[in-house]
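Here is the structure we will look at.
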There are 2 protein chains.
Amino acid sequence: MHTTDQKEILSLAYYDHEDKVLLAVDCIIFGFDQEELKILLVKRGFEPEKGKWSLIGGFLKKEEDLDIAAIRVLHHLTGLHDIYMEQLYTYSKVDRDPAYRTLSVAYYALIDIGKHDKELIKKNSAQWFSLKDAPNLIFDHNAMVERAMARLRRRALSKPIGFELLPEKFTMRQLQKLYEAIMGKKLDKRNFISKFNSFDILIKLDEKDMSSSKKGAFLYKFNEEKYNRKVEEGFSFKI
Amino acid sequence: MHTTDQKEILSLAYYDHEDKVLLAVDCIIFGFDQEELKILLVKRGFEPEKGKWSLIGGFLKKEEDLDIAAIRVLHHLTGLHDIYMEQLYTYSKVDRDPAYRTLSVAYYALIDIGKHDKELIKKNSAQWFSLKDAPNLIFDHNAMVERAMARLRRRALSKPIGFELLPEKFTMRQLQKLYEAIMGKKLDKRNFISKFNSFDILIKLDEKDMSSSKKGAFLYKFNEEKYNRKVEEGFSFKI
DNA sequence: ATTTACACGTGTTAAAAATACACTTTTATA
DNA sequence: TATAAAAGTGTATTTTTAACACGTGTAAAT
């Protein structure tokens, strides 16, 4: 408590008459199910807007920074650690939350849709929606999702973040479908594969995935060490 | 006061026990002086860190959203309205400000360095620094400047925001020097001009600028209407 | 009057990257 | 053993980017 006391003493002259606000953290959680991008939403359990769909969120606590708060919120809903997450934007319209002056810092997260704790999300009345038929969301959460989607699209072009959305082993076709979903357009199979191979950051396994064809498709892994080494040598991922 | 009362009543059950914080807004103000990028800094007039250089900032007020607060802060220092401004990132390390738990939302702004109110900035003990020899800044302000620079570099490639930093009329050479400053590398004169001309969003004036050569250099203006029309037709600025 | 110095303005060619495009292979199942 | 369904693979064309050098106009100096 010492530092807090000291802070409060120091603060009297300059800070104390300033307005204080509540800060929320809201997370746009993306997943990918072989065909399309999905987001995880919860049915809100309290007023205002009780019963409507919303992003998962929580309030920033005194002893946390925003990244920690976002991780806490995400972990609470999915049971997952070590998730790719990025701060997106801070929303501050005066009446965005009709109940109280609250600002919200939006984060987006990419998760392997197969890995989260299904019990936990059921318990939290959460549900995956494909982006196309997601319900209308409370407050400014629709705008948050749109901004997250735009950011994801941009990032996916310059960083191999797509791997966060895939299982550890994946086929070239899955990778391509993911990029098609992110970029919102069809890609040419041959061009896509030869471009990706030119990066030389994938490991081709001996295993095949037999679930999608009779012939079977080779599985690949992302070679993160090699990627990092290449980046240090000046390589930049541009798809 | 009615809405405030109502808010406070509604809020009791769900919001009242949450921690509240102070929210600051800090602005990275970029200018361009024919040769290099500069930022406007102020000597801080109060504790903590009194006398050190910092970004200009202020606290968010109850009745403002962040954009409005950033505009207010900027106007207070430069006297300027209608400035290009963009929210950058929210900084939240628990001890970023040793005096009080304060988060800061950073904004960056682009201004025509010739236009601001020189009296006003003197009165506020502010000063322009070239990015290279800017002093060390308080708190996490150095990180803010770096992030702003990275954002500016990225944005300048996909939007013609450079014009915000130039006077209304400019020469091709000035435009090129600005892009060189933003991108941190020399560009080829012929390639630069022919690329820019291919966009067809400049108006060549009959006037010449005689200040930099005996021959004189034609002045240009940015054709914003034409640019906007083109964007609507699907044109995208990529330099 | 002539020369000098200085930035202005302009086009072509070669290399690299992006795009368009179609057939053979494999194998489970009918 | 014929079929169906996805896997896997290479080349030619177009577009974009990068590299590169010299004549012009004019004020100032001689």
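The values are calculated or read from the model by the stated rules, or taken from the named source; none is laboratory data. The structure presented is a predicted model; accordingly, all values stated were derived computationally and were not measured. All Cβ positions, glycine included, derive from the backbone under ideal geometry; neighbour counts span all protein chains shown.
Report, ordered by the first and then the second residue, all pairs with beta carbons closer than 7 Å, sequence separation of six or more or different chains, a first member in the stretch A:165-183 that is closer than 12 Å to residue A:36 by Cβ and without any contact (Cβ under 8 Å) to a residue 24 or more places away in the chain, and a second member that is outside any helix (DSSP H, G or I) and within 13 Å of DNA strand D (Cβ to nearest atom).
A:180/A:187
Yes or no, residue by residue, for (1) among the hydroxyl-bearing types (Ser, Thr, Tyr); (2) more than 14 Å from chain B (Cβ to nearest Cβ):
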site	(1), (2)
A:102	yes, no
A:110	no, yes
A:119	no, yes
A:130	yes, yes
A:160	no, yes
A:165	no, yes
A:175	no, yes
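Which number in (1) more than 11 Å from the chain's Cα centre (by Cα); (2) more than 14 Å from every other protein chain (Cβ to nearest Cβ) marks the one condition that residue A:69 misses?
Result: residue A:69 fails condition (2) only.
Do we find that residue A:59 is at pLDDT 95 or above and closer than 30 Å to residue B:68 by Cα in this structure?
Details: at pLDDT 95 or above: yes; closer than 30 Å to residue B:68 by Cα: yes.
It is true that residue A:59 is at pLDDT 95 or above and closer than 30 Å to residue B:68 by Cα.
Exactly one of these conditions fails for residue A:183: (1) within 16 Å of DNA strand D (Cβ to nearest atom); (2) of a type in the set (A, V, I, L, M); (3) more than 14 Å from chain B (Cβ to nearest Cβ). Give me its number.
Status for residue A:183: all satisfied but (1).
Scanning the stretch B:16-34 for residues that are among the acidic types (Asp, Glu) and in contact (Cβ under 8 Å) with a residue 40 or more places away in the chain, which turns out nearest to the other protein chains (Cβ to nearest Cβ)?
Let us first name the residues in the stretch B:16-34 that are among the acidic types (Asp, Glu), namely B:16, B:18-19, B:26, B:33.
This time we only want the ones that are in contact (Cβ under 8 Å) with a residue 40 or more places away in the chain, so: B:26, B:33.
Working: B:26: 13, B:33: 31 Å.
The residue in question is B:26.
Quick one: in the stretch A:222-237, of everything that is under 18 Å from residue A:164 (Cβ atoms) and loosely packed, with under 15 Cβ neighbours inside 10 Å, which residue is nearest to the chain's Cα centre (by Cα)?
If we filter the stretch A:222-237 for residues that are under 18 Å from residue A:164 (Cβ atoms), which is where we start, we get A:222-228, A:231, A:237.
Still in the list and also loosely packed, with under 15 Cβ neighbours inside 10 Å: A:224-225, A:228, A:231.
On the way: A:224: 19, A:225: 23, A:228: 21, A:231: 23 Å.
The residue in question is A:224.
Can you name the residue in the stretch A:208-239 that is charged (D, E, K, R) and away from DNA strand C (no atom under 13 Å from the Cβ) and is also farthest from the other protein chains (Cβ to nearest Cβ) among such residues? Break it down into steps so the answer makes sense when it comes.
Of all residues in the stretch A:208-239, those charged (D, E, K, R) come to A:208-209, A:214-215, A:221, A:224-226, A:229-230, A:232-233, A:238.
From the residues that got through so far, the ones that are away from DNA strand C (no atom under 13 Å from the Cβ) too are A:221, A:224-226, A:229-230, A:232-233.
Values: A:221: 30, A:224: 23, A:225: 25, A:226: 25, A:229: 23, A:230: 21, A:232: 18, A:233: 19 Å.
Ranking the candidates gives A:221 first.
Answer with yes or no whether residue A:159 is without any contact (Cβ under 8 Å) to a residue 60 or more places away in the chain and within 16 Å of DNA strand C (Cβ to nearest atom).
Working: without any contact (Cβ under 8 Å) to a residue 60 or more places away in the chain: no; within 16 Å of DNA strand C (Cβ to nearest atom): yes.
Answer is no for this residue.
Could you say which residue among A:114, A:57, A:79, A:51 is more than 8 Å from chain B (Cβ to nearest Cβ), touching a residue at least 24 places away in the same chain (Cβ under 8 Å) and out of contact with any helix residue (DSSP H, G or I) (no Cβ under 9 Å at 6 or more places or on another chain)? Reasoning before the result, please.
Values: A:57 fails: out of contact with any helix residue (DSSP H, G or I) (no Cβ under 9 Å at 6 or more places or on another chain); A:79 fails: out of contact with any helix residue (DSSP H, G or I) (no Cβ under 9 Å at 6 or more places or on another chain); A:51 fails: touching a residue at least 24 places away in the same chain (Cβ under 8 Å).
Within the list A:114, A:57, A:79, A:51, the selection yields A:114.
Given the structure, is residue A:220 within 30 Å of residue B:155 (Cα to Cα), among the hydroxyl-bearing types (Ser, Thr, Tyr) and at pLDDT 95 or above? Walk me through it before giving the result.
Working: within 30 Å of residue B:155 (Cα to Cα): no; among the hydroxyl-bearing types (Ser, Thr, Tyr): yes; at pLDDT 95 or above: yes.
No, not satisfied.
Report, by residue number, each residue of the stretch A:192-224 that is touching a Phe, Trp or Tyr at 6+ places or on another chain (Cβ under 6 Å), more than 10 Å from residue A:171 (Cα to Cα) and without any contact (Cβ under 8 Å) to a residue 24 or more places away in the chain.
Residue satisfying the conditions is A:202 alone.
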